[in-house]
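**Student:** Handing you a structure now.
The values are calculated or read from the model by the stated rules, or taken from the named source; none is laboratory data. All values derive from a computational prediction rather than experimental measurement. Please note: Cβ atoms are built from the backbone with ideal geometry, for glycine as well, and neighbour counts cover all protein chains shown. Ligands, DNA and RNA are stripped out before the accessible areas are found, and what is left, the full protein with its side chains, is counted by its heavy atoms. Shrake-Rupley method; radii C 1.70, N 1.55, O 1.52, S 1.80 Å.
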Amino acid sequence: MLYTPLSTTDIVPSADADFQKRQCVMHNGKQLYVEEMEDGQLQVLQLLSTDPNDFMNSDYLPGTILR
Amino acid sequence: MEKEPSKKDDQNQGDQANNSSLVQKIQQLGQSNVPQAPDSNIHVLSIIGQVEGHVQLPAQNKTTKYEHLLPQLIAVEQNPKIEGLIILLNTVGGDVEAGLALSEMIASISKPTVSIVLGGGHSIGVPIAVSADHSFIAPTATMTIHPIRLNGLVIGVPQTFEYIDKMQDRVIDFVVGHSNIDGEKFKELMFAQGNLTRDIGTNVLGEKAVEYGLIDGIGGVSHAMVKLNEMIGDNNEGTEEQVIQ
């Protein structure tokens, strides 16, 4: 049991594997931050854009599977 | 006769694909379609979670990576179709130099910029909020102003102290230079005792932030849009006059 003002992530760092699964890709000219799933498909974590209309595009919704 | 079943199969497959994408959308957003908007001349930059700088934060943290935002800010500056930028802030703070880099970029953009602090604009969120041409804060939003901190292993304590002290001055200078707050008042808030439990600093609520001159006004989306459109209008008038001359 831990009694500390520090966050758990500061004490127990997450595995590097979490980071290796994540990458930034270009898809149809849009920059997407994606996570590679166990079956090799890419799932959108975040759309990196300043255009509000891109966020209305259902192809780039967080959770969408790219391939 | 043989063709029909294959057609049906195709249709079935198509239906299945449609259904699965629909199911996916419902799972993601809880709705089947999202409204379509016309092309916007105003772009939005959201700064959420922690401002991530030189050190990569654990994967479960929600972060804003400055290396992602800097090129976007350049794109906003370069694209003639973009006439204004809204910066949405809900951040707990983070890396000082990354935050200052973002602030300087926003402050040096030639197009009108408006920031809105929603929820929280703490620590390094303060210079980012004031870097816009005009800043708004939601009435329920807060900004924590406190001295710079460093955790981890420190090699060369006196040198590091000097470095941090100068870094703090850079933050103070930037905020004082880009807002209407008095330097002494800002330092007073930064080193105030008794406001934060067992810590120094002040948690400034929306109205107080405006009262101190830190933020330009209380407001939300509609106020920001009105202000930005007004500034875009002024900007366009200026360029038209230049063309006539």
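**Student:** If R0 is 35 Å, what FRET efficiency do you get for residue B:81 and residue A:45 from their C-beta distance, rounded to 0.05?
**Tutor:** Values: r = 28 Å, r/R0 = 0.79.
Working from the Cβ atoms, E equals 0.80.
**Student:** Which distance in nm do the two modelled labels at residue B:192 and residue A:53 give, with both placed 7 Å along the Cα-to-Cβ direction?
**Tutor:** Calculated label separation equals 4.5 nm.
**Student:** To continue, here is another question. According to a simple spin-label model (label point 7 Å from Cα along Cα-to-Cβ), what is the distance in nm between residue A:61 and residue B:68?
**Tutor:** Inter-label distance under the simple model: 1.9 nm.
**Student:** Given the Cα-Cα distance of residue B:226 and residue B:48 and 0.36 nm per residue of separation, how much length would full extension add, in nm?
**Tutor:** Numbers: separation 178, 0.36 × 178 = 64.08 nm, distance 2.34 nm.
So the chain would gain 61.7 nm between residue B:226 and residue B:48.
**Student:** At a 1.4 Å probe radius, which order do A:45, B:214 fall into by accessible area, largest first? Write out the running numbers ahead of the final one.
**Tutor:** Details: A:45 60, B:214 0 Å².
Accessible-area ranking of A:45, B:214, largest first: A:45, B:214.
**Student:** Ignoring everything but the protein chains, give the 1.4 Å probe accessible area of residue A:18 in square angstrom, nearest 10.
**Tutor:** Here the accessible area works out near 50 Å².
**Student:** Rg/Rh for region A:8-66 to two decimals, with Rh computed the Kirkwood way over all alpha-carbon pairs.
**Tutor:** 1.06
**Student:** Right, something else. Size of the dipole of region A:8-66 about the Cα centre, Lys and Arg at +1 and Asp and Glu at -1 on the beta carbon, nothing else charged, in debye to 20?
**Tutor:** Numbers: 3 positive and 10 negative charges, 31 e Å.
Result for region A:8-66 is approximately 140 debye, rounded to the nearest 20.
**Student:** Using a 1.4 angstrom probe with every protein chain in place, what is the largest-first accessible-area order of B:178, B:43, B:122, B:54?
**Tutor:** Working: B:178 80, B:43 15, B:122 40, B:54 130 Å².
Reading off the accessible areas and sorting them downward yields B:54, B:178, B:122, B:43.
**Student:** Here is a follow-up. What are the ³J(HN,Hα) values, in whole Hz, obtained from phi via the Karplus relation 6.51 cos²θ - 1.76 cosθ + 1.60 with θ = phi - 60°, for each residue of region B:203-214 in sequence order, with x given for Gly and Pro?
**Tutor:** Couplings: 9, 9, 7, x, 5, 5, 4, 6, 4, 6, x, 5 Hz.
**Student:** Starting from the coordinates of the alpha-carbon atoms of region B:149-191, obtain the Kirkwood hydrodynamic radius over all distinct pairs and give the value in Å to one decimal. Mind showing how you got there, number by number?
**Tutor:** On the way: mean 1/r = 0.0860 Å⁻¹.
Hydrodynamic radius (Kirkwood, Cα only) of region B:149-191 equals 11.6 Å.
**Student:** Mind listing the long-range amide H neighbours of residue B:199? Cut-off is under 5 Å, sequence gap 5 or more, other chains count too, H placed in the peptide plane at 1.01 Å from N.
**Tutor:** B:194
**Student:** Would you please give the residues with an amide H less than 5 Å from that of residue A:30, counting only those at least 5 places away or on a separate chain, with H modeled from the backbone geometry?
**Tutor:** none
**Student:** Now for a separate question. Roughly how many whole Å is it from the C-alpha centroid of region B:133-156 to that of region B:164-216?
**Tutor:** 9 Å
**Student:** Also: Just read off the accessible area of residue B:221 with the full protein assembly in place, 1.4 Å probe, to the nearest 10 Å².
**Tutor:** My reading of the accessible area for residue B:221 is about 100 Å².
**Student:** Next up: Could you order A:66, B:100, A:6 so the one with the most accessible surface comes first? Probe is 1.4 Å. Don't skip to the answer; put the middle values down first.
**Tutor:** Values: A:66 45, B:100 15, A:6 95 Å².
Ranked list, largest accessible area first: A:6, A:66, B:100.
**Student:** May I pose another question? Past 22 Å, Cα to Cα, is the threshold; run B:111/B:185; B:187/B:208; A:30/B:62; B:62/B:166 against it and keep the listed order.
**Tutor:** Working: B:111/B:185 30 Å; B:187/B:208 15 Å; A:30/B:62 20 Å; B:62/B:166 29 Å.
Violating the 22 Å limit, Cα to Cα: B:111/B:185; B:62/B:166.
**Student:** Note down the accessible area of residue B:237, probe 1.4 Å, to the nearest 10 Å².
**Tutor:** Residue B:237 exposes around 110 Å² with every protein chain in place.
**Student:** What FRET efficiency, computed as 1/(1 + (r/R0)^6) with R0 = 30 Å and r the Cβ-Cβ distance, is obtained for residue B:173 and residue A:19, rounded to the nearest 0.05? Mind dumping the intermediate values first?
**Tutor:** Working: r = 35 Å, r/R0 = 1.17.
Using R0 = 30 Å, I get an efficiency of 0.30.
**Student:** What whole number of Å gives the distance from the Cα centroid of region B:47-87 to the Cα centroid of region A:6-67?
**Tutor:** So the separation of the two Cα centres works out to 15 Å.
**Student:** Another question, if that's okay. Looking only at other chains, what is the average number of their beta-carbon atoms within 10 angstrom of each beta-carbon in A:52-58?
**Tutor:** Values: counts 7, 6, 3, 4, 5, 2, 9.
Partner-chain Cβ atoms within 10 Å, mean over residues of A:52-58: 5.
**Student:** Also: Using a Förster distance of 41 Å, how high is the FRET efficiency between residue A:28 and residue B:234, based on the Cβ-Cβ distance and rounded to 0.05?
**Tutor:** 0.70
**Student:** Additional query: Residues with beta-carbon under 14 Å from that of residue B:106, excluding residue B:106: net charge, scoring Lys, Arg +1 and Asp, Glu -1?
**Tutor:** On the way: positive: B:111; negative: B:77, B:104, B:133.
Charge balance near residue B:106 sits at -2.
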